[in-house]
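Some notes on the structure that comes next.
Bear in mind these aren't lab numbers, they're just calculated from the coordinates by the rules spelled out. Keep in mind it's a predicted model, so treat the numbers as computed, not measured. Here the Cβ is made from the backbone with ideal geometry for all residues, glycine too, and neighbour counts use every protein chain on show.
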Amino acid sequence: MVRTNGNPFKPSAGHTPPLLIGRDEVIDDFTEGLGDGPGAPSRLMRITGARGVGKTVLLSEFTRIADGRGWKTIRESASKGLAARLVTRLHSGKGSFGFTINPSVNIANVAGGSLGEFHYESPQQMPLTLSDALRNVLDDVEKHGHGLLITIDEAQATDKDDMIAIATAAQDMNTENRNFAFVFAGLPSMSSKWLNDDATTFMRRAEPHTLADVSLDDVAEAFEDTFSESGMTIAGQALSTATEATYGYPFMVQLVGYHIWRLASRRHPLDPVISMEDAEQGIAKALSRLGDMVHGPELDSLSPVDKTYLLAMAQDDGPSSTSVIANRMGKDLGYASTYRARLLEAQVIEDKGYGLVDFAIPYLREYLREHAAYIRMSIDPGN
Ligand SMILES: Nc1ncnc2c1ncn2[C@@H]1O[C@H](COP(=O)(O)OP(=O)(O)OP(=O)(O)O)[C@@H](O)[C@H]1O
Ligand SMILES: [Mg+2]
């Protein structure tokens with residue numbers, strides 16, 4: 001009998017899935033770091049990965065683990081004024097300061113002012129302000145044998161001034177052997193952006209973790225368990241078809257699971273065995289949602305030439321030769337390689353060696369083919 005609780009799958013950004021697949025190692029590293037005390041390498045982490053691979057939900061899991069140990073946790077997402085927001089939140093946690101900072105105001109644009117008892121005069125002073133705020137909170141939590149975890153999501157978007165402030169303050173806490181952990185998560189461009197900057201050698205010391213697609217065996221197991229938890233059965237060919245359709249891409253795992261579950265629970269609530277038909281139709285539904293939720297927005301964020309490059313790739317059934325792509329675009333290899341580099345950095349395509357590139361996002365090729373006419377029109381509306 002299908003239980004009455006709702007669909008267990010969570011196909012939306014930042015929503016914790018019923019089972020967090022394939023992240024045991026990084027979670028163990030993090031947990032160990034908390035246990036090992038100040039100075040443990042895993043207390044400063046940088047996590048990178050493509051859109052939809054599960055960075056935000058991993059940060060949630062870290063927060064949950066730290067919470068469970070009685071730690072104070074602060075989650076922030078990088079955007080202008082990050083360091084100032086952190087200062088505000090560190091103070092508000094203590095409940096002793098009544099001020100707020102407009103989050104849209106970058107501290108670098110503020111000539112001077114007073115944050116409660118912390119006076120600052122310039123962006124250069126922000127690191128000091130942040131260090132003081134951290135110290136203040138740490139004094140408090142350490143008294144109870146606890147620590148402080150700060151996670152920064154979308155870290156690729158951090159302002160340089162904010163990054164310098166955070167790096168300097170974190171260094172201070174490190175030197176003082178304070179009980180804290182910092183985790184940054186962002187798109188792969190985050191690494192190239194910060195690792196080339198002398199001011200943030202601190203980031204270079206952060207333990208790197210790259211989140212990738214998860215193994216199909218783990219996906220199959222998660223499908224079996226999640227369906228059976230809600231009183232349904234998925235096995236045999238239906239299970240392998242559903243599993244393979246995900247390509248191990250975590251967002252697609254949720255989409256496929258969600259739509260199969262939905263179809264099956266509507267169609268035969270009294271016979272909750274997933275049929276091949278459920279699986280196939282669920283996958284088709286999942287694919288069209290993937291297009292709307294991942295492929296469409298991803299293409300919208302790219303330039304017209306980036307899109308032209310991708311359309312040229314979509315003509316191939318497998319990896320594309322970069323010189324053939326340049327040819328198809330009617331450009332020389334040098335010109336095309338600029339766009340190749342941008343698409344690689346955005347993790348839309350991947351390097352296959354020997355002058356070959358392929359799509360890094362599942363089903364993007366199919367989406368491009370299906371929408372080629374429309375995309376061409378959006379590139380050059382005059383055509
Ligand atoms: N390890 C996992 N196992 C199963 N599902 C996952 C896993 N990680 C993420 N998901 C699911 O994938 C989707 C995307 O997750 P999340 O929003 O954390 O990705 P992200 O990397 O932060 O993406 P973005 O770069 O767009 O912010 C969510 O629906 C989430 O439930
Ligand atoms: Mg995210």
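One table, with the values for the structure above:
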item	result
Computed FRET value (nearest 0.05) for Tyr354 with Ser192, which takes r as the C-beta separation and R₀ as 30 Å	0.85
Amide N proximity, the stretch 239-261 versus Ser228 label position 7 Å along Cα-to-Cβ, cut-off under 16 Å	239-240
Principal axes of the chain: Cα extent on each, largest first, Å	64, 61, 36
FRET efficiency estimate (nearest 0.05) - Cβ-Cβ, Gln315 to His268, R0 45 angstrom	0.60
Segment Val324-Glu244, length gained on full extension (0.36 nm per residue, minus Cα span)	25.8 nm
Sites Leu333 and Asp29, calculated FRET efficiency, Cβ-Cβ separation with R0 45 Å, nearest 0.05	0.65
Relative packing of 141-151, 47-57, which averages over residues the other C-beta atoms within 10 Å, highest first	47-57, 141-151
Segment Ser303-Arg204, extension gain: residue separation times 0.36 nm, minus the distance between their alpha carbons	32.6 nm
In the chain, lysine pairs with alpha-carbon atoms under 21 angstrom apart (chain gap of 8 or more, or interchain)	13
Computed label-point distance, nm, for sites Thr16 and Ala284 using a 7 Å Cα→Cβ extension	3.6
Among beta bridges that DSSP assigns inside the chain, antiparallel share in %, nearest 5	30
Simple spin-label estimate for Asp67 and Arg135 in nanometres, 7 Å along Cα-Cβ	3.1
Contour excess over end-to-end distance, with Cα ends at Arg75 and Ala40 and 0.36 nm allotted per residue	10.5 nm
Helix-only mean residue ellipticity at 222 nm for the chain, each DSSP H run of n ≥ 4 adding -39500 (n - 2.57), per residue, nearest 500	-15500 deg cm²/dmol
